[in-house]
Amino acid sequence: MKYVDLRLSRKCVKIVAVRISDHTLNRLAIVKAILAHGPVARSDLPNLTNLSAGLITQLTQALVMSDLVTETRDENARKGRPRLLLELNDAGAVVVGASIDGRGNLLTTFVSLAGRKLFETSGHFPLPRSLPDMAQHIGHTLNAAIAESGFSRDQIARIGIALPALINSQRGEVHFGSTFAAEPTPFAGPISQIVGIPVTIENELDCMARAEHWFGNARGIDDFTLVRVGFSIDAAQFASGVPRSGTSGLSSSFGHVKVAASEGANPCFCGGLGCLTAYASMYGILNSHGLLADLPFPPMEQIPERFAKFIGDVQIGRAGATEAVKKAANIFGMAIGNLLNTTSPLHLLVAVDDQKYLDLLEPACMAALEATVMTGVLPVTHIKFFQSNDDWRWKGTAALALEQLYLDDSRNGLSAQPRRKIEAVNDQNSDGNAKSVAV
Ligand SMILES: [Zn+2]
């Protein structure tokens with residue numbers, strides 16, 4: 001273990017950097033292969049994971065013993081030694097994924113071990129006065145969601161929560177949120193105490209990247225970088241199939257790399273000047289044109305509509321608007337070009353919330369990349385632009401909870417406890433929507 005001194009708000013914090021062992025990463029790789037291809041023959045897993053047959057036998061036997069994976073004989077197999085088919089145990093337990101939307105709503109989704117959505121609800125909580133206050137509100141809103149779901153507490157193995165903040169996920173702490181003071185604040189622990197279930201918190205972008213890795217554009221790709229352009233600009237890096245944080249354990253702050261250094265640089269909501277977010281995000285473009293001056297921070301609800309109007313001005317060629325987007329795309333291209341120069345990821349995904357901004361951003365950004373990236377790097381980098389959607393909220397947070405469950409070395413206790421069979425509850429709830437949806 002390595003201790004790192006982190007200076008924040010003039011206080012020094014002792015950080016313990018924890019590395020996930022190869023053993024647990026291999027187990028996770030097997031789980032994801034079974035999720036993607038199940039039911040799958042054990043004999044097919046070496047090709048799907050690049051792990052040895054002996055290691056796969058050892059790890060899958062432990063997963064079966066823990067009730068996380070089921071094993072059945074392949075009735076359709078040809079003569080000879082019967083094949084064993086492996087599937088994630090859909091009825092083994094439930095995990096919960098939750099996220100906040102910036103308007104005081106907590107979206108909570110209940111998901112089976114095999115990644116199947118069982119129940120979803122949204123609860124509103126009062127405006128918090130502080131981060132500890134917010135943790136209390138989220139805990140009580142989760143309790144209400146659990147009561148509404150019909151699942152008992154002993155059926156729910158883990159909870160994963162995504163937050164728009166600088167987070168140390170391993171320690172369960174929030175280190176910075178744009179609306180609260182920058183003090184390392186215990187967050188997962190207090191929520192876990194209220195709900196009586198283990199809770200993991202994580203930065204939103206890491207959760208969005210996990211949704212792409214488990215269910216979307218990065219399925220089967222263990223090493224990639226995701227950049228999102230929305231209200232702000234954020235990035236997440238995946239390495240060996242899990243999010244890569246700094247040695248400090250903190251998530252990335254790519255949106256706050258400085259792209260202008262003069263005194264007249266654009267102000268950012270982080271308190272800094274000249275951040276990438278202050279130039280190329282939806283917030284940055286609108287704020288630098290005075291189009292958010294009448295709104296309290298954070299202006300989440302009004303951003304999409306005002307940004308759509310701004311892009312409409314670009315499309316009709318209104319003076320100033322076209323140049324603003326060109327400048328934003330050029331700055332964004334340089335920033336991600338420098339990201340490629342620094343880290344050289346094989347795969348770069350760029351998710352843009354607004355489709356029309358995506359259409360303008362992609363070609364201008366690619367031109368800026370040509371001018372920024374070192375010769376030889378661009379030809380070996382797979383770059384994909386796409387429009388983001390809110391599915392990541394339940395897929396990413398549920399996958400966070402599932403990942404914690406499958407990584408847990410002490411989880412053998414699950415098989416010792418008889419568990420009720422998990423079924424989709426409230427197939428039709430009060431709003432008439434089906435509540436059981438396969439991923
Ligand atoms: Zn900033």
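Per-structure values
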read-out	value
Given (1) within 16 Å of the ligand (Cβ to nearest atom); (2) within 29 Å of Asn105 (Cα to Cα); (3) among the basic types (Lys, Arg), index of the condition Lys309 fails	(1)
In region 161-200, the residues that are assigned to a helix (DSSP H, G or I) and crowded, with 22+ Cβ neighbours inside 10 Å	Ala188, Ile191
Candidate set from region 286-305 (those that are in a helix (DSSP H, G or I) and closer than 26 Å to Asn105 by Cα); member that is nearest to the ligand (Cβ to nearest atom)	Asn287
Gly241 being in contact with a Ser or Thr (Cβ under 8 Å, 6 or more places away or on another chain), on the phi > 0 side of the Ramachandran plot and either within 16 Å of the ligand (Cβ to nearest atom) or modelled with pLDDT under 90 (or both)	no
Candidates Ser122, Ser112, Ser130 - the one that is under 24 Å from Pro184 (Cβ atoms) and not β-branched (Val, Ile, Thr)	Ser130
Failed item in (1) in contact with a Ser or Thr (Cβ under 9 Å, 6 or more places away or on another chain); (2) not in a helix (DSSP H, G or I), with Leu340 passing the rest	(2)
Given (1) assigned to a helix (DSSP H, G or I); (2) in contact (Cβ under 8 Å) with a residue 40 or more places away in the chain, number of the condition Cys270 does not satisfy	(1)
Odd one out for Leu6, checked against (1) assigned to a strand (DSSP E or B); (2) of a type in the set (A, V, I, L, M, F, W, C); (3) at pLDDT 90 or above	(3)
Entirely in region 83-160, the strands (runs of 3 or more DSSP E) that have 1 or more residues that are in contact (Cβ under 8 Å) with a residue 60 or more places away in the chain and under 19 Å from Glu204 (Cβ atoms)	94-100, 105-112, 117-124
Filter pass, Gly230 being within 16 Å of the ligand (Cβ to nearest atom), within 24 Å of Asn105 (Cβ to Cβ) and touching a helix residue (DSSP H, G or I) at 6+ places or on another chain (Cβ under 7 Å)	yes
Flag for Phe180 being modelled with pLDDT under 90, in contact with a helix residue (DSSP H, G or I) (Cβ under 9 Å, 6 or more places away or on another chain) and not assigned by TED's automatic domain parsing to the domain that holds Ser130	no
Considering residues of region 266-283 that are of a type in the set (Gly, Ala, Ser) and touching a Phe, Trp or Tyr at 6+ places or on another chain (Cβ under 9 Å) only, the residue farthest from the ligand (Cβ to nearest atom)	Ala280
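The values are calculated or read from the model by the stated rules, or taken from the named source; none is laboratory data. On a predicted model such as this, the values are computed, not experimentally measured, just so you know. Because the Cβ atoms are built from the backbone with ideal geometry, glycine has one as well, and the counts that use them run over all protein chains shown.
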